[in-house]
Amino acid sequence: MRKGEVIFMKYLKIEQTKGHFMSSGGAYLEIDKIDKDELMHLVNEATENDEFEMDEYQESDIGNPAHKIIYKNIYDKFISLLQNKTRFKDESSQLYTRSFEQYRSEEV
Amino acid sequence: MKKIDLHIHTISTISDATFIFSLEKLKEYIEAQNIDAIAITNHNMFNLSQFQEIDEALDIKVFPGIEINLECGHLLLISDNTDLESFSQKCNQVEAKIISAEDSINISEMNEIFHTLNNYLLIPHYDKKPSLKQEKIDELSSYINAGEVTSVKKFIYHSKKNESLVPVIFSDSRLTDEISNFPTRQTYIDLQEITFSGVKSCLNDKNKVALSYEGGNNFFQATSDGLQLSTGLNIILGERSSGKTFTLDKICKDNDNVKYIKQFSLLQNDEEKFNEQLATEESRVTENYLKNFKEVVEKVVDIDISEYSRQVDGYITSLLKFASESERADIYSKTALFNESKYETSNLISLKKLIEATTLLLENEEYKTTINTYIQEENLKLLIIDLINKIRTKQEIILKEQWLNDLIDNTKRALHTRSAQTNIDDIDLYQIALGHKKVNKFNEVVNFLKTEKEIHRKDIGKFKIIAETKKYTGAQELKNKSRSKMSFSTAFQNYDSPYKFLEELKNISQLEATDYYKYFIDIQYKILNSYGYQVSGGERSEFNLLHEIKDALKHDILLIDEPESSFDNQFLKSEVNKLIKELSKEIPIILVTHNNTVGASIQPDYVVHTQREINGQTVSYDLFSGYPSDKELKNSNGEGINNYLMIMNCLEAGSETYEKRRSDIYEILKD
């Protein structure tokens, strides 16, 4: 999808009554194939790319009941993540703030 | 000679416990102790109107002063009386800067406030807490010559040591209506008339300060009612009930940090009690030896191997069932997440330690030059930034993993409830393997620890203290160790399998987890005499005395009441006398004795004779003192008694008996 100059990538989409995800290999795969490493790939994309998009979950759009479970769980969780994309970075950059600021500025 | 006390508090500040100053008590104190000059030195403040009130009420010289929290130590700053208004304003500036008792000002701030420090008398806490650091004293060396100490022992130590400041000792008192014993801590200065410049010049010269009026540093005031004693070895003699112990008690009450070895306290014939006392005294050795093992136990105590076995059994059963039920596979069980394991999140310990170590290298001032000879500071800064970036990246991954574990868990649970197929249990095999490794290592460590060996040896006089590790040989010994009624019989059955033994200790509900480490190996102490044998009952008392006397060096005064109550003469003469004489070079000793071996052969520096006076219903004690070579000992009223007769009466049951014994018995024996 094109919005002005920014290309929005759809990482979760529903097509032909099945859930799909954008895999780390760059291809869309059915959602029942998703494992923890692919989930990690999605988390990284969601937190680092501004163009992260998902098809909204509608129960009636998906026929496969296993796809429903997985898609809904992932969709709900990622919706909350997108509302605060910087949460992991913010929390980890609180480590050693004093030393970091002190020596980084001296170094400069 | 003039007697001065330049450290007196009259106002309760944030740095003091609450007290209500009594001007009347201050007057009594000055009169009773014959003090010629004082300074009012409250914490970080100067109250001009109160100072003027005190100054008017007293006939002696009163100097204005302030005790300043300086560079985390304390310093007395004392002024002359010429411009009190200006001094008061300066002190107000100090007061404004000290908001809490922990605050302090630095040297440049003090300089800014008081300008010409040369005009004042500066006396830091020296051998006294909180002391001003040596580097700060060096910085102020043009203005500081004297330093405050807390005891006679420390005063003598610094007066003999060339590089030390001129020691002074002051009361640091807070005089209230409740005070009954006045402090004995004052300093004599060699001065005809008290003036500010005169006091200042005396405090520049060790030869012009002293602990006593006439005797220099060889004497000090031991009690608030004026008893002067030698800073070396003093002997108190007197008949029964003549006030010897009373005098010791009074000295003990009027001085700080006193070691008091009371009469008969060393008689210790009960072997078990003796061993117990010894073990307590040596608990430092035990704690030290088992310190690392304690940490090992803490790391193993939460590992539950039987729970691990249950988890592995459950995992294998579910795995086999999942395989056998392949025909029941459905759309839920065929999803990748159905049997997905969770992320096992790593920890950041090694990175944290590296960052701490690099910070230490960067922030250490003492060895900065050495460190930078090998590692340039620039590189250390680059390193620490790099390490912090690494730990932050790793932390970010951990947070993501935790977040995803939550998602995986919820999804799996939803899939499992709908599927007809058994799901495979998710277990943390890494943690289980690590737990087993730790338990194996623990067993190895304990078996090594159980090798019986000597772990500590110390000589005290002719005795040797030896600490040895010993395996427990029965449940009763464990019970004794716990000093409780808990039963250790089941636990002891597993004593040879350390981990199982630990599991059994955990089953004893009243046993504190922090004490488990004590039950794997016992540490026993024994005292051997010079022949290498276990000590006898009498030798145990001897050992106790030597031990106690050695311990006295941590104190400022040593009081011993009748050591002969516990010992034979040979020991007193050969060991105790020698040790006491040696020790009296370091610390004032006051010894009460009846025994001629101690009394006559120890060659004291000073002798006090006590006499009881009964006037109707009231009993008072009179003290006569002098050098051992004096013909007469004198009391505070100048009355004298014959020294020789007194010694004969106290030590030899009178001169007649002594002469008779000498001629009738000793001479016969000699022939």
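The values are calculated or read from the model by the stated rules, or taken from the named source; none is laboratory data. For clarity, every value in this text was computed on a predicted model and none was experimentally measured. In this analysis, Cβ positions are derived from the backbone assuming ideal geometry, glycine residues included, and neighbour counts consider all displayed protein chains.
Contact annotation: residue pairs with Cβ atoms under 6 Å, 6 or more positions apart or on different chains, pairing a residue in the range B:124-147 that is within 13 Å of B:SER104 (Cβ to Cβ) with a partner that is crowded, with 18+ Cβ neighbours inside 10 Å and among the charged types (D, E, K, R), are B:HIS125/B:GLU148; B:LYS136/B:GLU71. Scanning the range A:12-35 for residues that are within 8 Å of another protein chain (Cβ to nearest Cβ) and either in a loop (DSSP other than H, G, I, E, B) or over 16 Å from B:LEU337 (Cβ atoms) (or both) turns up A:ILE34, A:ASP35.
Consider the range B:375-417 and keep the residues that are surrounded by 14 or more Cβ atoms within 10 Å (Cβ to Cβ) and basic (Lys, Arg). The one that is nearest to A:ARG104 (Cα to Cα) is B:LYS381.
Yes/no matrix, rows are residues, columns are (1) out of contact with any strand residue (DSSP E or B) (no Cβ under 7 Å at 6 or more places or on another chain); (2) outside the structural domain of B:GLU586 (by TED's automatic domain parsing):
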{"position": "B:GLY198", "(1), (2)": "yes, yes"}
{"position": "B:ASN204", "(1), (2)": "no, yes"}
{"position": "B:VAL209", "(1), (2)": "no, yes"}
{"position": "B:TYR213", "(1), (2)": "no, yes"}
{"position": "B:GLY216", "(1), (2)": "no, yes"}
{"position": "B:THR231", "(1), (2)": "no, yes"}
{"position": "B:ARG240", "(1), (2)": "yes, no"}
{"position": "B:THR245", "(1), (2)": "no, no"}
{"position": "B:LYS250", "(1), (2)": "yes, no"}
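When the residues of the range A:54-64 are narrowed to those that are part of a loop (DSSP other than H, G, I, E, B), more than 9 Å from every other protein chain (Cβ to nearest Cβ) and surrounded by 14 or more Cβ atoms within 10 Å (Cβ to Cβ), which ends up nearest to the chain's Cα centre (by Cα)?
Residues of the range A:54-64 part of a loop (DSSP other than H, G, I, E, B): A:55-58, A:62-64.
Checking the rest, the ones that are also more than 9 Å from every other protein chain (Cβ to nearest Cβ) come to A:55-58, A:62-63.
Add one more test, that the residue is surrounded by 14 or more Cβ atoms within 10 Å (Cβ to Cβ), and what stays is A:55, A:57, A:62.
On the way: A:ASP55: 12, A:TYR57: 15, A:ILE62: 20 Å.
Only one residue fits best here, namely A:ASP55.
Return the residue satisfying two criteria in turn: it lies in the range B:502-513 and is free of Cβ contacts under 8 Å to residues at least 60 places away in the same chain and exposed (fewer than 14 other Cβ atoms within 10 Å of the Cβ), and of such residues it is nearest to B:VAL285 (Cα to Cα). Per the criteria, the residue is B:GLU512. Quick one: would you say B:ASN118 is over 25 Å from B:GLU193 (Cα atoms) and either of a type outside the set (Lys, Arg) or in contact with a Cys (Cβ under 7 Å, 6 or more places away or on another chain) (or both)? Criteria not met by B:ASN118.
Can B:PHE274 be described as outside any loop (DSSP other than H, G, I, E, B) and at pLDDT 90 or above? Spelling it out, it is not the case that B:PHE274 is outside any loop (DSSP other than H, G, I, E, B) and at pLDDT 90 or above.
Does B:ILE35 satisfy the criteria of being touching a residue at least 60 places away in the same chain (Cβ under 8 Å), touching a helix residue (DSSP H, G or I) at 6+ places or on another chain (Cβ under 8 Å) and not in a helix (DSSP H, G or I)? Break it down stepwise before answering.
On the way: touching a residue at least 60 places away in the same chain (Cβ under 8 Å): yes; touching a helix residue (DSSP H, G or I) at 6+ places or on another chain (Cβ under 8 Å): yes; not in a helix (DSSP H, G or I): yes.
Yes; evaluated as a whole, the condition is true for this residue.
On the basis of being among the aromatic types (Phe, Trp, Tyr), within 26 Å of B:ASN106 (Cβ to Cβ) and in a loop (DSSP other than H, G, I, E, B), does B:PHE46 make the cut?
Details: among the aromatic types (Phe, Trp, Tyr): yes; within 26 Å of B:ASN106 (Cβ to Cβ): yes; in a loop (DSSP other than H, G, I, E, B): yes.
When the stated conditions are applied, B:PHE46 passes them.
Would you check which residues across the range B:547-557 are touching an Asp or Glu at 6+ places or on another chain (Cβ under 8 Å) and assigned to a helix (DSSP H, G or I) and list them? Steps first, answer last, please.
If we filter the range B:547-557 for residues that are touching an Asp or Glu at 6+ places or on another chain (Cβ under 8 Å), which is where we start, we get B:547, B:553, B:556.
Matches in the range B:547-557: B:HIS547, B:LEU553.
Here the range B:405-448 is the region considered, the condition is being of a type in the set (Phe, Trp, Tyr) and farther than 30 Å from B:LEU320 by Cβ, and the residue that is nearest to the other protein chains (Cβ to nearest Cβ) is B:PHE442. Inside the range A:36-53, residues that are under 18 Å from B:SER341 (Cβ atoms) and surrounded by fewer than 15 Cβ atoms within 10 Å (Cβ to Cβ) make up a count of 1.
Looking only at residues in the range B:316-346 that are β-branched (Val, Ile, Thr) and either buried (at least 19 other Cβ atoms within 10 Å of the Cβ) or within 60 Å of the chain's Cα centre (by Cα) (or both), which one is farthest from the other protein chains (Cβ to nearest Cβ)?
Within the range B:316-346, the subset β-branched (Val, Ile, Thr) is B:316-317, B:331, B:335, B:345.
Checking which are either buried (at least 19 other Cβ atoms within 10 Å of the Cβ) or within 60 Å of the chain's Cα centre (by Cα) (or both) leaves us with B:316, B:335, B:345.
Values: B:ILE316: 22, B:THR335: 4, B:THR345: 12 Å.
Selected residue: B:ILE316.
Does B:LEU77 fit the bill of being in contact with a Lys or Arg (Cβ under 8 Å, 6 or more places away or on another chain) and closer than 25 Å to B:GLN192 by Cα? Steps first, please.
Numbers: in contact with a Lys or Arg (Cβ under 8 Å, 6 or more places away or on another chain): no; closer than 25 Å to B:GLN192 by Cα: yes.
So B:LEU77 does not fit the description; no.
Which of the residues spanning the range B:170-191 are of a type in the set (A, V, I, L, M, F, W, C), surrounded by 19 or more Cβ atoms within 10 Å (Cβ to Cβ) and closer than 14 Å to B:ILE30 by Cα? Correct list: B:PHE170, B:LEU175, B:PHE182. Entry remark, the range A:61-108: residues being over 24 Å from A:LYS36 (Cβ atoms), aliphatic (A, V, I, L, M) and touching a Ser or Thr at 6+ places or on another chain (Cβ under 8 Å) number 0 in total.
Screening the range B:437-469 for residues that are at pLDDT 90 or above and part of a loop (DSSP other than H, G, I, E, B) and picking the one that is nearest to the chain's Cα centre (by Cα) gives B:LYS453. Selection of the range B:470-502 for residues being closer than 20 Å to B:LEU290 by Cβ and assigned to a helix (DSSP H, G or I) yields B:GLU477, B:LEU478, B:LYS479, B:ASN480, B:LYS481, B:SER482, B:ALA491, B:PHE492, B:PRO498, B:TYR499, B:PHE501, B:LEU502.
Being acidic (Asp, Glu), more than 7 Å from every other protein chain (Cβ to nearest Cβ) and free of Cβ contacts under 8 Å to residues at least 12 places away in the same chain is the filter here; which residues of the range B:370-404 pass it? Walk me through how you get there before you give the answer.
Of all residues in the range B:370-404, those acidic (Asp, Glu) come to B:377-378, B:386, B:396, B:401.
When the remaining residues are screened for being more than 7 Å from every other protein chain (Cβ to nearest Cβ), the result is B:377-378, B:386, B:401.
Selection gives B:GLU378, B:ASP386.
Of the residues making up the range B:347-359, those that are assigned to a helix (DSSP H, G or I) and either closer than 25 Å to B:TRP403 by Cβ or within 11 Å of chain A (Cβ to nearest Cβ) (or both) are B:ILE349, B:SER350, B:LEU351, B:LYS352, B:ILE355, B:GLU356, B:THR358, B:THR359. Of the helices (runs of 4 or more DSSP H) lying entirely inside the range B:558-671, those carrying at least 1 residues that are surrounded by fewer than 18 Cβ atoms within 10 Å (Cβ to Cβ), out of contact with any His (no Cβ under 8 Å at 6 or more places or on another chain) and modelled with pLDDT under 75 are B:596-601, B:655-660, B:667-670. For the range B:610-624, the criterion of being free of Cβ contacts under 8 Å to residues at least 60 places away in the same chain, of a type in the set (S, T, N, Q) and within 13 Å of B:ILE236 (Cα to Cα) is met by none of the residues. If only residues of the range A:65-98 that are small (Gly, Ala, Ser), part of a helix (DSSP H, G or I) and within 8 Å of chain B (Cβ to nearest Cβ) are counted, the one that is farthest from the chain's Cα centre (by Cα) is A:ALA66. In a residue-by-residue description of the range B:352-365, the property of being surrounded by 13 or more Cβ atoms within 10 Å (Cβ to Cβ) and within 30 Å of B:LEU429 (Cβ to Cβ) applies to at least one position. Please verify whether B:LEU434 is in a helix (DSSP H, G or I), at pLDDT 90 or above and more than 25 Å from B:ILE349 (Cβ to Cβ), treating the condition exactly as stated. Taking the combined requirement at face value, the residue does not satisfy it.
Of note, A:GLU101 does not satisfy the criterion of being facing chain B (nearest Cβ under 8 Å), surrounded by fewer than 18 Cβ atoms within 10 Å (Cβ to Cβ) and assigned to a helix (DSSP H, G or I).
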